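The structure under discussion appears below in the form of structure tokens.
The values are calculated or read from the model by the stated rules, or taken from the named source; none is laboratory data. What you see is a predicted model, and the numbers here were worked out from it, not measured in a lab. No Cβ is skipped: glycine too gets one built from the backbone with ideal geometry, and neighbour counts run over all protein chains shown.
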Amino acid sequence: MFLLIVSFFCVAALLYNSPSVSGNSTGVVMNGNFKDWEGKYQNVRANSDAFRHVGIWADKENIYFYMDSAPDFRTNNQGGDNQLYLNTDFTITVGDEAYPVSSGHGFMDNQIMNFNNSSKSVSQVFDIKYWVWRQEYGYQPPTVGKAYAQHIVAGNRSNNIFEAQIPFSALGIKEIPENTKIAISNESIWRGNVSINYAGSPTGPWLLAGISLVFAGGGYYLQNQRRKKITASATNEVIHA
């Protein structure tokens, strides 16, 4: 019975398939189609009567983040609190280090405001910059990623959604220990932060299968030893009889 149970887990492990993904191991693809964020965001309360969907994700090479400014804009205009907000600081925290990123302060405002105020649904890609002073570039922040934004118009109401990707290397991050907390916050537009624990590489099917085979082998050995003891005991009883 023990071997049957273990064999079942062994076969199940061998038949296990990792989720089918495109582009990276998270299933998040930077293409302006936000359906792959389902199940990866949280509802957060804005600094008004509004709420937003905010998500953060990571694989071994990139950080991804997402915001839907006004998910229920068709029934609730949220007092107009539905802007793109890429001209405000999104603070990414990896462990104890903070990295402020956005599409611009001042010189990008016109592009973002024009996007917000469009009377038609439009899509646009914005540069994401890392806003920290460094000796090699002073106060000229480098472009570290891209944000794919969508402005949606329905009747007299509108909403703005974006997803962004930033390579860890662009922020100077070389290695992330397993179970490191990665969070995103923006005090200007929502309360608190949204975070994940970086799990590193997932356990794959072959490792699971290997573990199952070890257990199966161990179970077979123990069961075989038990049979030998029973046989030996029966033999002794016959001899003594």
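Residues are listed down the side, and each one gets a yes or a no for (1) of a type in the set (A, V, I, L, M, F, W, C); (2) assigned to a loop (DSSP other than H, G, I, E, B); (3) in contact with a helix residue (DSSP H, G or I) (Cβ under 8 Å, 6 or more places away or on another chain):
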{"residue": "Y148", "(1), (2), (3)": "no, no, no"}
{"residue": "E163", "(1), (2), (3)": "no, no, yes"}
{"residue": "A170", "(1), (2), (3)": "yes, no, no"}
{"residue": "I176", "(1), (2), (3)": "yes, yes, yes"}
{"residue": "A183", "(1), (2), (3)": "yes, no, no"}
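Within the stretch 29-86, can you find the residues that are surrounded by fewer than 22 Cβ atoms within 10 Å (Cβ to Cβ) and of a type in the set (K, R)?
Those that are surrounded by fewer than 22 Cβ atoms within 10 Å (Cβ to Cβ) and of a type in the set (K, R): K35, K40, R45, K60, R74.
So which residues in the stretch 38-87 are among the acidic types (D, E) and at pLDDT 95 or above? First the steps, then the outcome.
Residues of the stretch 38-87 that are among the acidic types (D, E), as a first pass: 38, 49, 59, 61, 68, 72, 81.
Scanning the stretch 38-87 gives a single hit, D68.
Give A183, A164, A154, A98 a once-over and let me know the one that is under 23 Å from V44 (Cβ atoms) and in contact with a Phe, Trp or Tyr (Cβ under 7 Å, 6 or more places away or on another chain). Reasoning before the result, please.
Numbers: A183 fails: in contact with a Phe, Trp or Tyr (Cβ under 7 Å, 6 or more places away or on another chain); A154 fails: in contact with a Phe, Trp or Tyr (Cβ under 7 Å, 6 or more places away or on another chain); A98 fails: in contact with a Phe, Trp or Tyr (Cβ under 7 Å, 6 or more places away or on another chain).
A164 is the lone residue from the list that is under 23 Å from V44 (Cβ atoms) and in contact with a Phe, Trp or Tyr (Cβ under 7 Å, 6 or more places away or on another chain).
Select from the stretch 100-129 the residues that are modelled with pLDDT under 95 and touching a helix residue (DSSP H, G or I) at 6+ places or on another chain (Cβ under 7 Å) and list them in ascending order.
If the condition is that a residue be modelled with pLDDT under 95 and touching a helix residue (DSSP H, G or I) at 6+ places or on another chain (Cβ under 7 Å), then S103 is the only one that fits.
Scan the stretch 56-63 and tell me whether some residue there is farther than 21 Å from I152 by Cβ, free of Cβ contacts under 8 Å to residues at least 24 places away in the same chain and touching a Ser or Thr at 6+ places or on another chain (Cβ under 7 Å).
First, pick out the residues of the stretch 56-63 that are farther than 21 Å from I152 by Cβ: 56-63.
From the residues that got through so far, the ones that are free of Cβ contacts under 8 Å to residues at least 24 places away in the same chain too are none.
No, the stretch 56-63 has no match at all.
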